[in-house]
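Data first, discussion second: the structure below is written as structure tokens.
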Amino acid sequence: MARPLLRGDRLQAAREALGLTRDQLATRLELSSPARIRVWEMGLEHPRPRLVPRLAAAVGVEPLYLLDVDANDPPLAALRVAAGLATNEMGAPSVSVMTYVRLEDGRPGTESSPTLVAAVAQVLGVDPTRVEAAIRRSRSDHAALATSSD
């Protein structure tokens, strides 16, 4: 599954609602140039996951709001990006990065045991029930993709 993308229109609306210029937002984020904000708002490029929580905080919104997902039913990848983590940062004592990637991709056959769900929830800083719902959404998205490509 593809990484959830930043919605540039939402970023711009949130920035403008606060009365911030691109220069001011770039300064808050310690970016070298406001051009980065412009390309994100235009959808030409997307920030790395580690910047998403800082970006959301700087414009006063939740990180999931800035992503192109349903914030009430996000896939697992969106929870990871909202937490500011790259895929390779998802390893934990009870979960390998590859196991996590299979969960995030929604691939069938990866068992989401309570121990695994709890470990992922701890890394993401969210409730295990949120992770369970996100896994279900990821699997649903994967199944829909598989069906549409047949």
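Where does the charge balance sit around Val59 when Lys and Arg score +1, Asp and Glu -1, over other residues with C-beta under 13 Å from its C-beta? Local net charge: +2.
Phi angles across segment 57-71 convert, under the Karplus curve 6.51 cos²θ - 1.76 cosθ + 1.60 with θ = phi - 60°, into 3J(HN,Hα) values of 4, 5, 10, x, 10, 6, x, 4, 4, 7, 9, 7, 9, 7, 4 Hz, Gly and Pro given as x. Close amide H partners of Val95, meaning residues 5 or more places away or on another chain with modelled amide H under 5 Å apart, do not exist here. Placing a label point 7 Å from the Cα of Glu16 along the Cα-to-Cβ direction, the residues of segment 48-88 with a backbone N closer than 20 Å are 55-62, 65-68. Applying 1/(1 + (r/R0)^6) with R0 = 41 Å to the Cβ-Cβ distance of Gln122 and Met42 gives a FRET efficiency near 0.70. The HN-Hα couplings worked out from phi for segment 112-119 by the Karplus form 6.51 cos²θ - 1.76 cosθ + 1.60 (θ = phi - 60°) are 9, 5, x, 5, 5, 4, 5, 5 Hz, whole numbers, x standing for Gly and Pro.
Within the listed set Pro47, Pro34, Pro93, the residue fluctuating most in the Gaussian network model of the chain (springs between alpha-carbon atoms under 10 angstrom) is Pro93. Using R0 = 22 Å, the C-beta based FRET efficiency linking Asp9 and Glu30 works out to 0.35. Whole-Hz Karplus values for segment 93-110 come out as x, 9, 8, 7, 4, 5, 4, 4, 4, 5, 5, 5, 6, x, 5, x, x, 8 Hz, taken residue by residue from phi with 6.51 cos²θ - 1.76 cosθ + 1.60 and θ = phi - 60°; glycine and proline positions read x. The portion of the accessible surface of the chain made up by carbon and sulfur, rounded to a whole percent, is 50 (1.4 Å probe; DNA, RNA and ligands excluded). With both labels modelled 7 Å from their Cα along Cα-to-Cβ, the Ser140 to Asp68 distance reads 2.0 nm.
For Leu67, the residues whose amide H sits under 5 Å from its own are Arg7, ignoring neighbours fewer than 5 places away on the same chain, with H placed 1.01 Å from N.
Solvent-accessible area per residue in segment 27-150 equals 53 Å², computed with a 1.4 angstrom probe and all protein chains kept. Using C-alpha pairs below 8 Å separated by at least 6 residues, the relative contact order for segment 24-150 is 21 percent.
The values are calculated or read from the model by the stated rules, or taken from the named source; none is laboratory data. All figures in this text were calculated on a predicted structure; none of them were measured in a lab. Counting neighbours? That spans all protein chains shown, and the Cβs are built from the backbone with ideal geometry, glycine included. These area figures cover heavy atoms from the full protein model, side chains too; ligands, DNA and RNA do not enter into them. Shrake-Rupley method; radii C 1.70, N 1.55, O 1.52, S 1.80 Å.
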